Amino acid sequence: MFALDPLLTGDVTWGDFGVVAVKVGVAFVVLLIATMFMVWFERKVIAGMQNRVGPNKAGPYGLLQTLADGTKLFFKEDLLPEKADRFVFRLAPYLAFVPAFLSFCIIPVGGDFSDGKSGQVELFGRTTFLQVADPSIGMLLGLALSSIAVYGIMLAGWSSGSKYPLLGSVRASAQMVSYEAALGLSIAAVFLLSGTMSTNGIVAAQGALRNWNIVATGVVPFIVFLIAATAELNRPPFDLVEAEQELVGGFNTEYSSIRFALFFLAEFMNTMTMSAIIVTLFLGGPQPISVGNWTLDIPLGPFTGTFWFLLKVFIFLYVYVWFRATLPRLRYDQLMDLGWKLLIPVALAWFMALAGLKVAQNAGWSGGAQAGGMVIGAVIVIVGFVLLRLASRVSARARAEEGAMF
């Protein structure tokens with residue numbers, strides 16, 4: 001517990017707990033407001049891409065449209081299906097919403113990491129981090145919380161007492177479990193190079209641009225993580241959980257009023273949280289762009305790190321909106337093939353290559369020996385990939401002969 005924050009070391013006072021409580025409250029309120037504007041931002045950007053106007057009635061530029069929609073949902077009738085499991089039906093929205101907020105609590109949103117500093121700042125006369133908590137298992141906790149969100153969707157579909165929500169929830173559980181393996185392997189590559197699972201430690205290890213994990217890990221784990229994270233979020237082109245043409249509305253078909261709003265908020269909050277995690281793991285978090293002795297310095301005092309963090313997160317939020325506006329939905333067999341036959345083998349092979357290179361460097365191998373080891377490893381990976389493709393083709397031919405659809 002006492003490793004969560006520098007405040008909780010030594011003699012802990014009520015003032016220290018007060019600062020932690022303030023950070024929790026600010027994080028919750030800011031994340032809710034940011035989620036509200038994220039909904040507006042997505043609708044407005046997609047409208048621009050499709051040559052439409054988008055929200056423009058509620059407030060200036062339609063900024064209050066999400067607030068109006070939320071107010072409307074709050075006063076709608078809260079329906080409870082006759083065959084539903086009442087307790088689980090009511091619990092499921094919170095199992096989807098709460099992990100989204102808790103995952104954001106381990107993200108450093110600012111701080112001074114220059115010259116080997118650990119991101120500590122002075123807040124109300126006390127030294128702390130600009131994050132709610134920094135447990136030593138950091139991103140491992142984030143993975144655990146993302147797994148809990150699966151239960152919210154699965155239980156929502158199961159407890160509704162209807163076949164269409166059940167089909168949507170089964171799809172969700174299969175999809176999220178499938179892509180969590182690739183997600184975990186790409187994060188393992190970051191752990192390997194950073195030497196820590198703490199989000200604060202991961203950011204501190206990315207001092208210069210060449211040390212950013214998107215460069216240090218060789219880009220591949222970043223690409224795998226981005227694709228797997230999009231599937232975990234159930235966002236296009238992986239939104240088969242809510243395929244309206246096939247499932248009416250997916251796992252939340254029977255939900256209305258504030259419970260439906262919680263699922264809606266959880267989806268967009270998860271998008272923001274995952275964007276923040278990507279920035280933390282691969283793009284240096286609050287670290288500015290630094291090449292050699294040159295740093296792109298923006299003099300904003302203690303808010304410089306927060307500015308860089310928000311800028312990087314905004315880029316990924318736009319990318320997710322761009323995905324939604326441009327990419328068609330995958331078929332379910334394509335979704336599973338991408339996860340099991342491509343992302344997991346690639347992520348595993350890349351992780352083993354990075355681990356082998358790390359062992360060779362620690363053992364003091366010469367540059368030639370390291371290059372030879374990499375060539376041998378590449379040959380093994382290529383042979384394994386070819387064998388996998390051949391096995392897939394033989395399997396597909398056998399299914400075709402048996403009259404299977406795919």
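The values are calculated or read from the model by the stated rules, or taken from the named source; none is laboratory data. Since the structure is predicted, the reported quantities are computational estimates derived from the model, not experimental observations. Ideal geometry is used to build each Cβ from the backbone, glycine not excepted, and the neighbour counts take in all protein chains shown.
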Just checking, does segment 52-75 include any residue being under 18 Å from Leu262 (Cβ atoms), at pLDDT 85 or above and not in a helix (DSSP H, G or I)? yes
Mind listing just one residue for me: the one in segment 44-72 that is of a type in the set (D, E, K, R) and surrounded by fewer than 17 Cβ atoms within 10 Å (Cβ to Cβ) and, of those, farthest from Ile315 (Cα to Cα)? Lys72
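Within segment 85-97, can one find any residue that is among the aromatic types (Phe, Trp, Tyr), assigned to a helix (DSSP H, G or I) and within 20 Å of the chain's Cα centre (by Cα)?
Going residue by residue through segment 85-97, those that are among the aromatic types (Phe, Trp, Tyr) are 87, 89, 94, 97.
Going one step further and asking which of them are assigned to a helix (DSSP H, G or I), we end up with 87, 89, 94, 97.
Narrowing the set further to residues that are within 20 Å of the chain's Cα centre (by Cα) leaves 94, 97.
For segment 85-97, residues among the aromatic types (Phe, Trp, Tyr), assigned to a helix (DSSP H, G or I) and within 20 Å of the chain's Cα centre (by Cα): present.
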Failed condition for Leu80, given (1) touching a Phe, Trp or Tyr at 6+ places or on another chain (Cβ under 8 Å); (2) modelled with pLDDT of 90 or more: (2)
Just to be sure I understand, how many residues within segment 205-216 are within 21 Å of Asn362 (Cβ to Cβ), assigned to a helix (DSSP H, G or I) and either of a type outside the set (Val, Ile, Thr) or touching a residue at least 24 places away in the same chain (Cβ under 8 Å) (or both)? 4
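From the list Leu310, Leu330, which residue is part of a helix (DSSP H, G or I) and either out of contact with any strand residue (DSSP E or B) (no Cβ under 9 Å at 6 or more places or on another chain) or in the same structural domain as Thr196 (by TED's automatic domain parsing) (or both)?
Numbers: Leu330 fails: part of a helix (DSSP H, G or I).
From the options Leu310, Leu330, the qualifying one is Leu310.
Being under 30 Å from Ser114 (Cβ atoms) and either in contact with a Ser or Thr (Cβ under 8 Å, 6 or more places away or on another chain) or without any contact (Cβ under 8 Å) to a residue 40 or more places away in the chain (or both) is true for just one of Gly195, Gly157, Gly168. Which residue is that?
Result: Gly195 is the single residue among Gly195, Gly157, Gly168 that is under 30 Å from Ser114 (Cβ atoms) and either in contact with a Ser or Thr (Cβ under 8 Å, 6 or more places away or on another chain) or without any contact (Cβ under 8 Å) to a residue 40 or more places away in the chain (or both).
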Residue satisfying all of: in segment 217-251; at pLDDT below 75 and assigned to a loop (DSSP other than H, G, I, E, B); nearest to Gly152 (Cα to Cα) among these: Gly249
The condition from (1) of a type in the set (Phe, Trp, Tyr); (2) farther than 26 Å from Ala144 by Cα; (3) touching a helix residue (DSSP H, G or I) at 6+ places or on another chain (Cβ under 7 Å) that Tyr61 misses is numbered (3)
